[in-house]
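The values are calculated or read from the model by the stated rules, or taken from the named source; none is laboratory data. Just so it is clear, the structure is predicted and the values come from calculations on it, not from any experiment. All Cβ positions, even for glycine, are placed from backbone atoms using ideal geometry, and neighbour counts span all protein chains on display.
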Amino acid sequence: MIKHGIDQDALIGTLSAATAKQGEAVRKAVSEATLKALQGRELTLAHIKQVLNTVAQAASAGVAGNPLGAAELESLLGKAVAGMDGALEQAVQANRRALQQMLDQGASLQEQQLKKALADTEKMEDALFASLRKAAEASGTALEGPWNAVQKSMQSQGSATGTQAAAAVEQLMQSARQNLRDGRALGLRTSQAMLDSYATLVSGVLIGMSEALQQGKAAPEPIRPKKK
C-alpha cells in the first residue's frame, strides 16, 4: 500500500525479515523512505506529521511481525526510530537554510509566513514524539515493552531533530538581529510571492541536499549547539 508517498508493504517486509545484525540496514531503509516521502510534496508541518505517522505505524507493524526476541525487537525498533529522526533532522536543516536565504534577502522573522515557519521548526521534535506515541498505542501488548524502552531512551537523551532545531532557531534569531543592526531588513523588501512559496523553497532545498549526498558531495554541516 502506498500512503503519503510511502510503500508501507515494502517497509513492513524489510523490518519483518530483518535479523538482529541488520539494524543499520533497517535504520538506512527507514531513513530513506521517510526522506523520500518528505520530498514528495511541499514541506509543511502537516505533511511532516502525516509522513511520520505513516512511517512509525509501518515500522511498528514490521517489527511486530518479526520472530526475534524482545531484546532484538527493541533494538530494531530503536534503529527504525533513529532512521526517522535522521531524516527529520535533514528537514530541519532544509528549513534553516531556506529561512536563512529569506533573511539574506531582507525578510523579517516577524513576517507571518516566516514566523510560522520558525515556530514549526521548533515543533518538529514534538511531531516525532507524537508519531511514536501513536504507533506505540496502536501496537498492542506484544510491543509494549520494546516501544516503552525506545521512547524512554529517546526522551531522556533527546533527538537529533530537537538538538538541530534548537541550534537552528538560535542561529536564525542571531542573523535576524544582525540584519536589524545593519539596517538590512529595513532596506530590502521581500516579495509576498516569495514568502508564500516558502514551503516549496524548503522542499527544493531538501531535495538538493539529498542529491548532494547521493553524488558524494560534501554534505552541509549540521549546526552544533554552542557550548555554555
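Brief remarks on what is shown
- On inspection, E125 fails the criterion of being among the acidic types (D, E) and more than 14 Å from the chain's Cα centre (by Cα).
- Picking from residues in region 135-144 that are in contact (Cβ under 8 Å) with a residue 12 or more places away in the chain and over 17 Å from the mean Cα position of the chain (by Cα), the one that is surrounded by the fewest Cβ atoms within 10 Å (Cβ to Cβ) is G140.
- Listed by first and then second residue, the pairs with beta-carbon distance under 9 Å, at least 6 apart or on different chains, first residue in region 25-53 and small (G, A, S), second surrounded by fewer than 20 Cβ atoms within 10 Å (Cβ to Cβ) and in a loop (DSSP other than H, G, I, E, B), are A33/G5; A37/H4; A37/G5; G40/H4; G40/G5.
- For region 145-228, the helices (runs of 4 or more DSSP H) that sit wholly inside it and include 2 or more residues that are within 15 Å of the chain's Cα centre (by Cα), at pLDDT below 90 and over 30 Å from A70 (Cα atoms) are 198-214.
- Just one of the listed residues (V63, V26, V51) is crowded, with 19+ Cβ neighbours inside 10 Å, touching a Lys or Arg at 6+ places or on another chain (Cβ under 7 Å) and not aromatic (F, W, Y), and it is V26.
- Looking across region 11-33, the residues that are over 20 Å from Q90 (Cβ atoms) and touching a Gly at 6+ places or on another chain (Cβ under 6 Å) come down to I12, L15, S16.
- Check on S31, out of contact with any Ser or Thr (no Cβ under 9 Å at 6 or more places or on another chain), part of a helix (DSSP H, G or I) and under 23 Å from Q155 (Cβ atoms): yes
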